[in-house]
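To keep things clear, I will list the structure first and then write my remarks on it.
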Amino acid sequence: MNILGIAGSLRRASTNRGLLRAAGELLPDGAQLTIADISDIPIYNWDDEQEFGYAEPVQRFRDEIRSADALLISTPEYNNSMPGALKNAIDWASRGGADSPLNYKPAAIMGAAGRLGSVRAQMHLRTVLMNNQLKVVQAPEVLVPVSEGFTDGELTHERYRDQVRRLVAALVEMASS
């Protein structure tokens with residue numbers, strides 16, 4: 001079972017990357033996690049897509065999604081929504097109609113941010129993912145307040161580690177059926 005992790009934050013020391021690292025440690029047997037790099041994906045422009053097709057970073061990201069059995073997206077919350085870089089990467093991946101690698105892909109969402117742990121960003125992300133009819137795990141919700149869950153960028157709070165463990169188990173189960 002190959003799971004592609006996508007961090008909504010571009011920061012190298014992002015707590016959402018820390019959530020993905022924790023998920024990689026907590027996966028059920030037989031599953032593995034690879035973390036995508038979306039930092040070099042250009043801003044979506046329909047004219048550029050029509051004239052030049054997919055730039056190399058976009059094609060790489062689309063290929064990573066296509067070869068994954070499932071997606072695990074970890075997002076912070078910027079201005080009460082998901083980060084622009086994450087939305088942009090999804091916009092590029094969603095292109096192609098019936099050929100989009102996102103179509104019907106199993107996915108799970110989690111996030112770390114502020115006091116509410118990215119609840120609004122996750123709500124908006126779920127809405128965006130409906131466009132390609134991704135099958136999104138509904139529970140458990142993983143909403144980690146940064147001040148509670150992390151030590152030096154690593155997820156250390158056992159309550160949240162257990163939530164991540166249950167989320168990735170539900171994702172693997174969904175992707176296996």
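Here residue 77 passes the criteria (1) out of contact with any Gly (no Cβ under 8 Å at 6 or more places or on another chain); (2) within 17 Å of residue 143 (Cβ to Cβ); (3) among the charged types (D, E, K, R) except the one numbered (1).
Might you check whether a residue that is loosely packed, with under 15 Cβ neighbours inside 10 Å and under 20 Å from residue 11 (Cβ atoms) occurs anywhere in the stretch 85-105? The answer is no, given that none of the residues of the stretch 85-105 is loosely packed, with under 15 Cβ neighbours inside 10 Å and under 20 Å from residue 11 (Cβ atoms). Restrict the check to the stretch 20-31 and report whether at least one residue is within 16 Å of the chain's Cα centre (by Cα), closer than 16 Å to residue 108 by Cα and in a strand (DSSP E or B). No; the residues of the stretch 20-31 include none that is within 16 Å of the chain's Cα centre (by Cα), closer than 16 Å to residue 108 by Cα and in a strand (DSSP E or B). Summed over the stretch 71-93, residues that are within 13 Å of the chain's Cα centre (by Cα) and of a type in the set (S, T, N, Q) total 3. One residue stands out among those in the stretch 55-99 that are among the small types (Gly, Ala, Ser) and in a loop (DSSP other than H, G, I, E, B): the one that is farthest from residue 135 (Cα to Cα), which is 55.
Scan the stretch 11-31 for residues that are at pLDDT 95 or above and among the aliphatic types (A, V, I, L, M) and jot them down. 19, 20, 22, 23, 26, 27, 31, listed by residue number. Looking across the stretch 129-157 at every residue that is of a type outside the set (Gly, Ala, Ser) and in a helix (DSSP H, G or I), the one that is nearest to the chain's Cα centre (by Cα) is identified as 129.
Of the residues 136, 119, 144, 164, which is at pLDDT 95 or above, touching a Leu at 6+ places or on another chain (Cβ under 8 Å) and under 15 Å from residue 14 (Cα atoms)? Criteria check complete, one pass: 144. Among the residues of the stretch 102-116, the one identified as at pLDDT below 95 and charged (D, E, K, R) is 115.
Candidates 98, 68, 55: the one that is of a type in the set (A, V, I, L, M, F, W, C) and under 15 Å from the mean Cα position of the chain (by Cα) is 68. Does residue 39 satisfy being surrounded by fewer than 19 Cβ atoms within 10 Å (Cβ to Cβ), of a type in the set (Ser, Thr, Tyr) and assigned to a helix (DSSP H, G or I)? Judged against the criteria, residue 39 is not a match. Determine, yes or no, whether residue 126 is more than 13 Å from the chain's Cα centre (by Cα) and in a helix (DSSP H, G or I). So residue 126 does not fit the description; no.
The values are calculated or read from the model by the stated rules, or taken from the named source; none is laboratory data. Keep in mind that this is a model prediction, so the values were computed, not measured. Positions of Cβ are backbone-derived with ideal geometry, glycine not excepted, and every protein chain shown enters the neighbour counts.
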